[in-house]
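As C-alpha cells, the structure follows; a few thoughts come after it.
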Ligand SMILES: NC(=O)c1ccc[n+]([C@@H]2O[C@H](COP(=O)([O-])OP(=O)(O)OC[C@H]3O[C@@H](n4cnc5c(N)ncnc54)[C@H](O)[C@@H]3O)[C@@H](O)[C@H]2O)c1
Ligand SMILES: [Zn+2]
Ligand SMILES: [Zn+2]
C-alpha cells in the first residue's frame, strides 16, 4: 500500500510500504476513507517530537471501513464505517478505568503516527479496536467525522473543560488554527461573556470571527493591551494556549486574571519560562494535557444532531495520493488560507466482503 512516511526532520514521502496485518487478536485493520493532517504532524516535521523515528507512517485521525478484525474484537466487524480515534485505549489499566485514555499504560495512549504506524495511509492497523474506534451513523459525513478524531475532543477536554469555561467568562484563545477554532466553538457551549481569538494569520482570525469569536486581534498588534482594556485591567478568566511555542505560553500567563486559569493545549518542543516571580501571588491555575477522547461519544451525538459547525473548518479537499501537496498547503496556512484539509473520497459506500456473515 501507499503511506506517508516520516524520513527525519523536514522530510516526508508518500511511498510504498508493507500492508498492515493483524498482530494481536484485539487489532482491526481499517481502510482509510478520510484522513487529515494535525498541527502536531507539523511539530513532528519540525523535530519537536523525538519519539517519532524515521520510517514511521504519520497520522492519528481517520474515518474508514473495517476490513479485518482480530478474534477478540467484539464491537465492530468488517464492513463497519468507523471513526479512528487519535487515542488508543487498552481499557484495562488504571488510567483507562478512570477514562484517562491518553495516559493508558497498557499499550495505548497516543500511539498512532507516533509509536506505531498511523492513519495517513491506505490502510491502518488499530490496536485495541473495541475501545479505539467508534462506529459512525450514516448521517455523519466522513470528512466531518474526521474532525472528531482529535481536534474537537482536544479543544473541548484540554481547553474548555480544563480551563473550566463558565457563563460570563472572558475567554482568550491564543492560536486560531483548527484546535483554537474548535475551542471557540466548544467554549460557546458554556455561554462565556466574550471570546477573544489571537493569531498571526488574518485568514484564521476571519474564521474565528465567523465561528463565534467576539473579538480578534493579531498577535503582533497588542493582544495583551486589548485583553486588559476589555477586562478593566484584570485579565481574562480563561486563557487557552493553542500554538505550542514558548512566546505564546508566556503571553497566556501574562493575560490571565488573578484566580484565573491557563489551559495549555499546544505541543511544545522547547522549554518555556514560567514567571513564578509574577505568578506566585496571583492564585492562577495552569493545566496541561494530552487529549483522552473520553468526550468523543458525546461530541458524535452533537455532530449527528447538527450542533457542531464543522463543515466550515474543512477548507481544502485532496485525493489520498495527494498527501504531500496537502502537507504543503496545510503547512503554509497563512498564505493558502487552509484550516483543516480532508483527504480521501467523499463516498462512504459499504465495501462488499465475500466472507462476511449476513447480519
Ligand atoms: N494537547 C493535545 O492533546 C493536542 C492535540 C492536538 C493538537 N495539539 C496541539 O495544538 C496546537 C494547535 O494545533 P493546530 O492543529 O490548530 O495547529 P496549527 O499549526 O494549524 O495552528 C497554530 C496556529 O497558531 C498560530 N500562531 C503561530 N505563532 C503564533 C503566535 N506567535 N501568536 C499567535 N498565534 C500564532 C498560527 O498562525 C496557526 O493559526 C499544536 O501545538 C498542536 O500540536 C495538542
Ligand atoms: Zn493531533
Ligand atoms: Zn489503558
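Points to keep in mind about this one:
- Taken over the stretch 232-249, the criterion of being more than 16 Å from ligand 2 (Cβ to nearest atom), in contact with a helix residue (DSSP H, G or I) (Cβ under 9 Å, 6 or more places away or on another chain) and either in contact (Cβ under 8 Å) with a residue 40 or more places away in the chain or closer than 16 Å to residue 176 by Cβ (or both) is satisfied by 236, 238, 239.
- Considering the conditions (1) within 23 Å of residue 42 (Cβ to Cβ); (2) free of Cβ contacts under 8 Å to residues at least 40 places away in the same chain, residue 228 is excluded by exactly one of them, (1).
- Close Cβ contacts (under 6 Å, 6 or more residues apart or on different chains) running from residues in the stretch 110-121 that are free of Cβ contacts under 8 Å to residues at least 60 places away in the same chain to residues that are part of a strand (DSSP E or B) comprise 111/88.
- Pick from the stretch 333-345, criterion within 17 Å of residue 43 (Cβ to Cβ) and modelled with pLDDT under 95, ranking: farthest from ligand 3 (Cβ to nearest atom): 334
- Scanning the stretch 82-99 for residues that are surrounded by fewer than 18 Cβ atoms within 10 Å (Cβ to Cβ) and either within 16 Å of ligand 2 (Cβ to nearest atom) or part of a helix (DSSP H, G or I) (or both) turns up 94, 97.
- Residue satisfying condition, being more than 17 Å from the chain's Cα centre (by Cα), closer than 26 Å to residue 5 by Cβ and within 16 Å of ligand 1 (Cβ to nearest atom), within set 52, 116, 126: 52
- Among the candidates 145, 164, 168, residue that is at pLDDT 95 or above and not assigned by TED's automatic domain parsing to the domain that holds residue 256: 145
- Qualifying positions in the stretch 46-81 - within 16 Å of ligand 2 (Cβ to nearest atom) and in contact with a strand residue (DSSP E or B) (Cβ under 7 Å, 6 or more places away or on another chain): 52, 56, 57, 58, 59, 60, 61, 62, 63
- Applying the criterion of being in a helix (DSSP H, G or I) and without any contact (Cβ under 8 Å) to a residue 60 or more places away in the chain to the residues of the stretch 203-219, the residue that is nearest to residue 246 (Cα to Cα) is 205.
- Which numbered condition residue 85 misses (of (1) closer than 28 Å to residue 322 by Cα; (2) within 11 Å of ligand 3 (Cβ to nearest atom)): (2)
- Just one residue in the set 146, 172, 198, 184 is within 18 Å of residue 265 (Cα to Cα) and assigned to a helix (DSSP H, G or I); that residue is 184.
- Residue within the stretch 113-130 that is closer than 23 Å to residue 304 by Cα, in a loop (DSSP other than H, G, I, E, B) and not assigned by TED's automatic domain parsing to the domain that holds residue 244 present: no
- Among the residues making up the stretch 1-58, those that are part of a loop (DSSP other than H, G, I, E, B), surrounded by 13 or more Cβ atoms within 10 Å (Cβ to Cβ) and in contact with a helix residue (DSSP H, G or I) (Cβ under 7 Å, 6 or more places away or on another chain) are 9, 26, 27, 36, 37, 49, 52, 58.
- In this structure, residue 250 does not qualify as at pLDDT 95 or above and under 18 Å from residue 35 (Cα atoms).
- Unique match (being more than 16 Å from ligand 3 (Cβ to nearest atom), touching a helix residue (DSSP H, G or I) at 6+ places or on another chain (Cβ under 6 Å) and under 24 Å from residue 289 (Cβ atoms)) among 219, 197, 201: 197
The values are calculated or read from the model by the stated rules, or taken from the named source; none is laboratory data. Remember, it's a predicted structure, so these values are computed and weren't measured experimentally. Note that we place each Cβ from the backbone using ideal geometry, even for glycine, and neighbour counts take in every protein chain shown.
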